[in-house]
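Written out below as structure tokens is the structure these notes cover.
The values are calculated or read from the model by the stated rules, or taken from the named source; none is laboratory data. These numbers come from a predicted model, not from an experiment. Quick reminder, even Gly has a Cβ in these numbers, built from the backbone with ideal geometry, and neighbours come from all protein chains shown.
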């Protein structure tokens, strides 16, 4: 099964929203009042995998896809430091995501705002959650 995830932020940092849309029609969303877009992107994936880790995660975030497939291994080996020696941003969320990923979790990147129906729904839900928090 595929799950489409997205994050949104009104200001960066600002009011943020995240959303997950599963192929079976299940939808989940939420938000935070002071956050960043990258934190919301990661939160969406985490919430999806907390529900079901045996999925293909479809994301429009190269930060998430590259982070989990390429960068995280080096970060862990380097005590959560980047290649330039700085602290990895959002380490708390990367650590949680790493705990949730199973050997069956797959990753797919999709271009944002390109007509992919479930990606557009996830985007809309994430923006709606951020907007509701803003008031």
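Enumerate the pairs (first residue in segment 123-135 and modelled with pLDDT of 95 or more; second residue anywhere and part of a helix (DSSP H, G or I) and crowded, with 16+ Cβ neighbours inside 10 Å) with beta-carbon separation below 8 Å, excluding pairs fewer than 6 apart on the same chain, so at least 6 apart or on different chains.
126/40; 126/44; 130/40
Mind listing just one residue for me: the one in segment 86-109 that is touching a strand residue (DSSP E or B) at 6+ places or on another chain (Cβ under 9 Å) and more than 20 Å from residue 51 (Cβ to Cβ) and, of those, surrounded by the most Cβ atoms within 10 Å (Cβ to Cβ)?
88
With the structure loaded, tell me whether residue 24 is under 18 Å from residue 1 (Cβ atoms), at pLDDT 95 or above and exposed (fewer than 13 other Cβ atoms within 10 Å of the Cβ) or whether it fails that test. Steps first, answer last, please.
On the way: under 18 Å from residue 1 (Cβ atoms): yes; at pLDDT 95 or above: yes; exposed (fewer than 13 other Cβ atoms within 10 Å of the Cβ): yes.
The answer is yes for residue 24.
What is the number of the single condition among (1) surrounded by 14 or more Cβ atoms within 10 Å (Cβ to Cβ); (2) not in a loop (DSSP other than H, G, I, E, B) that residue 73 does not meet?
Among (1) surrounded by 14 or more Cβ atoms within 10 Å (Cβ to Cβ); (2) not in a loop (DSSP other than H, G, I, E, B), the lone unmet condition for residue 73 is (1).
Quick one: how many residues across segment 27-52 are more than 11 Å from the chain's Cα centre (by Cα), in a helix (DSSP H, G or I) and under 15 Å from residue 2 (Cβ atoms)? So that I can check it myself, show each step before the final result.
Here is the first cut: in segment 27-52, the ones more than 11 Å from the chain's Cα centre (by Cα) are 27-36, 50-52.
Still in the running and in a helix (DSSP H, G or I): 50-51.
If we keep only those that are under 15 Å from residue 2 (Cβ atoms) as well, we get 51.
Qualifying residue count, segment 27-52: 1.
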